[in-house]
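Comments concern the structure below.
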Amino acid sequence: MSPFRSSVGLPDYIAAALCYLFPFAGGIIFLALEKRSRFVLFHSLQSLLAYGALMVGHVLAGLLPFIGALVATLCFLLGFAVWLVMTYHALQGHWQKLPWAGDIAERQLRRL
């Protein structure tokens with residue numbers, strides 16, 4: 001784990017983990033406040049993208065008449081798995097990328 005502190009005063013791995021522990025609030029807050037740590041910015045972008053997609057999946061599941069409950073359950077399980085795994089990796093200081101959200105977050109991070 002790196003001793004680097006984010007611009008909000010927290011160790012960068014703690015700030016990155018908070019982006020997953022409190023998905024939308026943490027992601028938005030750290031995206032707005034973080035000025036130095038690319039690690040924290042990456043995880044805030046990735047969490048917003050991943051949980052935003054899961055939220056869209058939940059909404060679409062409500063529109064499906066017969067398999068909506070199954071799709072909603074799968075979205076919940078996937079969201080829980082992402083929450084656990086990504087919080088763990090952020091606390092370890094890893095730049096773990098999710099399949100598509102990580103690629104988009106990485107491209108956006110280059111523009112910042």
Self-check item: Pair list, Cβ under 8 Å, 6 or more apart: the stretch 27-54 residue part of a loop (DSSP other than H, G, I, E, B), other residue of a type outside the set (A, V, I, L, M) and buried (at least 21 other Cβ atoms within 10 Å of the Cβ)
Solution: GLU34/SER6; GLU34/SER44; ARG36/SER6; SER37/SER6; SER37/ASP12
Quiz item: Within the stretch 37-70, which residues are among the small types (Gly, Ala, Ser) and within 14 Å of LYS97 (Cα to Cα)?
Solution: SER44, SER47, ALA50
Practice problem: With the checklist (1) among the aromatic types (Phe, Trp, Tyr); (2) outside any helix (DSSP H, G or I); (3) touching a residue at least 24 places away in the same chain (Cβ under 8 Å) in hand, flag the one item PHE66 doesn't pass. | Solution: (3)
Quiz item: With respect to ARG36, is the statement that it is surrounded by 14 or more Cβ atoms within 10 Å (Cβ to Cβ) and of a type in the set (Lys, Arg) true?
Solution: no
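Tally the residues that are loosely packed, with under 14 Cβ neighbours inside 10 Å and within 30 Å of PHE4 (Cβ to Cβ), restricting the search to the stretch 40-56. Before the answer, list the steps.
Step one: filter the stretch 40-56 for residues loosely packed, with under 14 Cβ neighbours inside 10 Å, giving 56.
Filter once more, so that each one left must be within 30 Å of PHE4 (Cβ to Cβ): none.
Counting residues in the stretch 40-56 that are loosely packed, with under 14 Cβ neighbours inside 10 Å and within 30 Å of PHE4 (Cβ to Cβ) gives 0.
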Self-check item: Residue that is farthest from ALA15 (Cα to Cα) [pool: residues in the stretch 63-103 that are of a type in the set (Phe, Trp, Tyr) and surrounded by 13 or more Cβ atoms within 10 Å (Cβ to Cβ)]
Solution: PHE76
Quiz item: Between residues in the stretch 87-112 that are farther than 11 Å from ALA16 by Cα and residues that are part of a loop (DSSP other than H, G, I, E, B) and polar (S, T, N, Q), which pairs lie under 8 Å by C-beta distance while being six or more apart or on different chains?
Solution: GLY102/GLN96
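For the structure I just gave you, tell me whether VAL59 is surrounded by 17 or more Cβ atoms within 10 Å (Cβ to Cβ) and either touching a His at 6+ places or on another chain (Cβ under 9 Å) or more than 21 Å from ARG111 (Cα to Cα) (or both).
On the way: surrounded by 17 or more Cβ atoms within 10 Å (Cβ to Cβ): no; either touching a His at 6+ places or on another chain (Cβ under 9 Å) or more than 21 Å from ARG111 (Cα to Cα) (or both): yes.
In short, no.
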Exercise. Being aromatic (Phe, Trp, Tyr) and outside any helix (DSSP H, G or I) narrows it down to one of TRP83, TRP95, so name that one.
Key: TRP95
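Every number here is computed from the coordinates shown, using simple stated rules; none is lab data. As the structure is a computational prediction, the values presented were derived from the model and not from experiment. Using ideal geometry, Cβ is built from the backbone for each residue, glycine included, and neighbour counts are taken over all protein chains shown.
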